Amino acid sequence: MPSSTSSFKTYELTRIIPKHHWLLLAALTIVITGILTFGWETYVRSIGYAPSLNDTEDLWASRRAIVDEEPDRTVLIGSSRMLFDFDMDTFEKEFSRRPLQLATVGTNPGPYLEDLANHPDYSGTVIVGVVPGLFFAPGGPPMKSPLNHLKRFRDWSPTQKFGHYASRVIEKRFAFLNDSDLTLNKLLLDLKIPNREKVKTKPELPPHFHEVDAERQGAMTEFSANNTALQKRIQQIWIPLFTPPPPAKGKTPEEAKADFGKAVEMILDKTKKHVEKIRKKGGKVIFLRLPSSGQLREMENKFTPREHFWDRIIKTTEAPGIHFEDYKELNAFDCPEWSHLNKADSIEFTKRLMPILTKHL
């Protein structure tokens, strides 16, 4: 019976490298990339952008981590008015210690207050900025954002920390690294394509409206503070954002109002419990109502009247509250776009606030 044999042939694998001027191609790639980067950087600066740190969840987590190291620090929570309008330099000059800025744009501060209340060692002072429409938001983006920030802090990995500190180095030097407005996805979403009939879209938020530093001291940009046309555009954005949404499908206006009333009571009850927890650990909570003006202030008075919202927070929690309308030194400020102070006014406002705050601290 014939035997079968296998023969193996060894083939030498060789990689054919095209004959090109690789050094020249590399140099051309670097030059072209540099020219395009310089051109894009020049353009975005020409339309008002400037180098600034991105106010990311990582940046927030880096500040929240300090609470664990120094649980007696004063902490600022709230939404963008607290972020823009409270000057930490002024506070530090008055009290010889810098507060931690944990306020975030467009958020309900309730989850942050709960986080501090549940912290086993926290015994500092919490200053809570109150925008009633956000403070009493039971869900949606105002609640999703702070929950995402807290999740980032709790799950913050060493790789994410390294990436955060590395990115800070280049963000301070290049304006085009703005991740709120200048990413490819954002630029594509901002293409001016007409909406289909009867389709409602979210209001377009303003470009490069605010900036923050490494300690999350926020401020309205000079570009926004000095651009009247942009201010008017932003004013029109606040109108739909501060207008209560229509009743959910299948709900009558009366049913929607009753549901919201229940949500208000729930939020007040939770807030009271959080304040009491902080007090038991030796801490304090102070509520602060920062300025608004123009048509936005009129809308707030209509949809979130003081007696049903601000006054109830103070009465329910028995915590001190500072409302800008109660002090002549605080109620004369004008917000250029109805909702925030410019940088110079935020410093002056905080200076005038300090003697009032001192009485409670």
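Once a ≥ b ≥ c are taken as the square roots of the eigenvalues of the Cα gyration tensor of region 250-295, is the result rounded (a/c under 1.5), prolate (a/b larger than b/c) or oblate (a/b not larger than b/c)?
Values: a/c = 6.93, a/b = 1.50, b/c = 4.63.
Taking the square roots of the gyration eigenvalues as a ≥ b ≥ c, region 250-295 is oblate.
With each label point set 7 Å from Cα along the Cα-Cβ vector, what nm distance links K151 and H21?
It is 5.3 nm.
Test of understanding: what is the full-extension gain from I32 to D311, defined as 0.36 nm times their sequence separation minus their Cα-Cα distance?
Stretched out fully, the I32 to D311 stretch lengthens by 94.3 nm.
For D68 paired with A332, estimate the spin-label separation in nm (one decimal), with each label point 7 Å from Cα along the Cα-to-Cβ line.
4.7 nm
Could you tell me which of the pairs K277/K315; K151/K281; K249/K302; K93/K277; K328/K359 are separated by over 20 angstrom between their Cα atoms in the structure shown?
Pairs exceeding 20 Å: K151/K281; K249/K302; K93/K277.
Mind jotting down the distance between the C-alpha centroids of region 63-112 and region 294-325, whole Å?
Taking the Cα centre of each part, region 294-325 and region 63-112 sit 21 Å apart.
Please list, ordered by chain and number, the residues whose modelled amide H lies under 5 Å from the amide H of I322; skip anything fewer than 5 residues away on the same chain.
Under 5 Å from the amide H of I322: F287, L288, R289.
Can you give me the long-range amide H partners of C335? Hydrogens built in the peptide plane at 1.01 Å from N, cutoff under 5 Å, separation of 5 or more residues or another chain.
Those lying under 5 Å, H to H, from C335 are S293.
How many Å³ per residue does the convex hull of the Cα positions in region 28-187 occupy?
Dividing the Cα hull volume of region 28-187 by its residue count gives 153 Å³.
Give, to the nearest whole percent, the P(r) tail of region 231-361 beyond 27 angstrom, counting all Cα pairs.
The calculated P(r) of region 231-361 puts 33 percent of pairs beyond 27 Å.
Tell me, R279, R289 in order of fewest to most beta-carbon neighbours within 10 Å?
Numbers: R279 16, R289 25.
Fewest-to-most ranking of R279, R289: R279, R289.
With no solvent and one point on each alpha carbon, what is the Debye value of log10 I(q)/I(0) for the chain at q = 0.06, 0.10, 0.13, 0.14 Å⁻¹?
-0.30, -0.69, -1.13, -1.30
For region 58-104, what does the alpha-carbon gyration tensor say about shape, rounded, prolate or oblate, given a ≥ b ≥ c as the root eigenvalues, a/c under 1.5 as rounded, and a/b over b/c as prolate?
oblate
Please compute the length gained on full extension between L241 and V169, using 0.36 nm multiplied by the number of residues separating them and subtracting their Cα-Cα distance. Can you show the working numbers first?
Numbers: separation 72, 0.36 × 72 = 25.92 nm, distance 3.46 nm.
Taking 0.36 nm per residue and subtracting the Cα distance, the gain is 22.5 nm.
Taking the Cα-to-Cβ direction at K161 and at M266 and moving 7 Å from each Cα, how far apart do the two end points lie in nm?
Taking the two extended label points, one gets 3.6 nm.
Grab the Cα-Cα distance for E255 and E318, subtract it from 0.36 nm times how many residues apart they are, and report the gain in nm with one decimal. Walk me through the intermediate numbers first.
On the way: separation 63, 0.36 × 63 = 22.68 nm, distance 3.03 nm.
Here the answer is 19.6 nm.
Coordinate-derived values only; no laboratory data. Because the structure is predicted, anything quoted here is derived from the model rather than measured. Note that we place each Cβ from the backbone using ideal geometry, even for glycine, and neighbour counts take in every protein chain shown.
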